[in-house]
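One structure is given below, represented as structure tokens, and several questions about it will come after.
The values are calculated or read from the model by the stated rules, or taken from the named source; none is laboratory data. Keep in mind that what you see is a predicted model, and the values were worked out from it rather than measured. Ideal geometry is used to build each Cβ from the backbone, glycine not excepted, and the neighbour counts take in all protein chains shown.
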Amino acid sequence: MFLSKTEANVIVYLIVLIAYIYSIKNYKRTKILLLLIITVTMLITISDQTSNLFKDTIQRLRPCYNEQITDSLRLVKESCGGRYGFFSAHASNSFSLAIFFGLLLRSSNRFLILMFTIYALLISYSRIYLGVHYPIDILAGAIFGSIYALVLYKIYLYFFNFLHKS
């Protein structure tokens, strides 16, 4: 499934990142680009690694590994990732990026924000459809990702304003 591939997510958000960079029309573009790359990298890293920390700590089996319900699932793939699934890194990453870019572009393109949200929802739904996450895994991932996006957006704005003043 296209939406479940990490490469597809990276391509979509890379296109948005490039479009945003070209919308900045001043000589400080390189510094702002570097700040944006660092912020997005931190966002994905924090989102992904805290998901792994929760998975290793809570150790709740994914639906596809839960023998009590495996027969009632319609598994699409033979492999379903690691054994534990709380909370979904796909949901966390996709919502963190959607919220972050939505905040960046909120004054310029509301349609794009809607598309980001729909994209994050589709990625999240694909995880349930594939039998690799329970709905609560997705909800928790979306909440954590959204919180990370808000916090890192505030940090990004602080440094963005600092770069514009200097």
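For the range 145-166, which residues satisfy the criterion of being in a helix (DSSP H, G or I) and farther than 23 Å from residue 120 by Cβ?
First pass over the range 145-166, keeping only residues in a helix (DSSP H, G or I): 145-165.
Of everything in the range 145-166, those that are in a helix (DSSP H, G or I) and farther than 23 Å from residue 120 by Cβ turn out to be 158, 159, 160, 161, 162, 163, 164, 165.
Let me ask another. Take the conditions in a helix (DSSP H, G or I), β-branched (Val, Ile, Thr) and surrounded by 14 or more Cβ atoms within 10 Å (Cβ to Cβ) and apply them to residue 37. Does it pass?
Values: in a helix (DSSP H, G or I): yes; β-branched (Val, Ile, Thr): yes; surrounded by 14 or more Cβ atoms within 10 Å (Cβ to Cβ): no.
Considered against the rule, which asks whether it is in a helix (DSSP H, G or I), β-branched (Val, Ile, Thr) and surrounded by 14 or more Cβ atoms within 10 Å (Cβ to Cβ), residue 37 comes out as no.
For the range 50-72: of the residues being outside any loop (DSSP other than H, G, I, E, B) and among the charged types (D, E, K, R), which is farthest from residue 141 (Cα to Cα)? Break it down into steps so the answer makes sense when it comes.
Residues of the range 50-72 outside any loop (DSSP other than H, G, I, E, B): 50-58, 61, 63-65, 70-72.
Among the residues that remain, those that are also among the charged types (D, E, K, R) are: 55-56, 71.
On the way: 55: 11, 56: 15, 71: 26 Å.
Across the range 50-72, the extreme among qualifying residues is 71.
Ok, one more. For the range 141-158, enumerate the residues that are among the hydroxyl-bearing types (Ser, Thr, Tyr) and surrounded by 14 or more Cβ atoms within 10 Å (Cβ to Cβ). I'd like the intermediate steps shown before the answer.
To start, the set of residues in the range 141-158 that are among the hydroxyl-bearing types (Ser, Thr, Tyr) comprises 146, 148, 153, 156, 158.
Correct list: 146, 148, 153, 156.
Let me ask something additional. When the residues of the range 73-112 are narrowed to those that are over 25 Å from residue 46 (Cα atoms) and in a helix (DSSP H, G or I), which ends up modelled with the highest pLDDT? Lay out the reasoning, then the answer.
Applying the first criterion (over 25 Å from residue 46 (Cα atoms)) to the range 73-112 yields 73-79, 107-111.
Then keep just the ones that are in a helix (DSSP H, G or I); that gives 110-111.
Details: 110: 85, 111: 88.
Among those residues, the one meeting the criterion is 111.
Sticking with this one: For the range 130-141, state whether one or more residues are under 30 Å from residue 29 (Cα atoms), assigned to a helix (DSSP H, G or I) and at pLDDT 95 or above.
Let us first name the residues in the range 130-141 that are under 30 Å from residue 29 (Cα atoms), namely none.
No: the range 130-141 contains no residue that is under 30 Å from residue 29 (Cα atoms), assigned to a helix (DSSP H, G or I) and at pLDDT 95 or above.
Yes/no matrix, rows are residues, columns are (1) of a type in the set (S, T, N, Q); (2) over 24 Å from residue 156 (Cβ atoms):
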| residue | (1), (2) |
| --- | --- |
| 53 | no, no |
| 81 | no, yes |
| 85 | no, yes |
| 95 | no, no |
| 110 | no, no |
| 117 | yes, no |
| 128 | no, yes |
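Count, please, the residues in the range 83-113 that happen to be out of contact with any strand residue (DSSP E or B) (no Cβ under 8 Å at 6 or more places or on another chain), surrounded by 13 or more Cβ atoms within 10 Å (Cβ to Cβ) and not aliphatic (A, V, I, L, M).
Going residue by residue through the range 83-113, those that are out of contact with any strand residue (DSSP E or B) (no Cβ under 8 Å at 6 or more places or on another chain) are 86-113.
So of that shortlist, the ones also surrounded by 13 or more Cβ atoms within 10 Å (Cβ to Cβ) come out as 86-105, 109, 112-113.
With not aliphatic (A, V, I, L, M) added as a condition, the list becomes 86-88, 90, 92-96, 100-102, 109.
Looking only at that region, the number is 13.
Do we find a residue being under 12 Å from the mean Cα position of the chain (by Cα) and among the aromatic types (Phe, Trp, Tyr) anywhere in the range 77-84? Break it down into steps so the answer makes sense when it comes.
Taking the range 77-84 first, the residues under 12 Å from the mean Cα position of the chain (by Cα) are none.
No, the range 77-84 contains no residue that is under 12 Å from the mean Cα position of the chain (by Cα) and among the aromatic types (Phe, Trp, Tyr).
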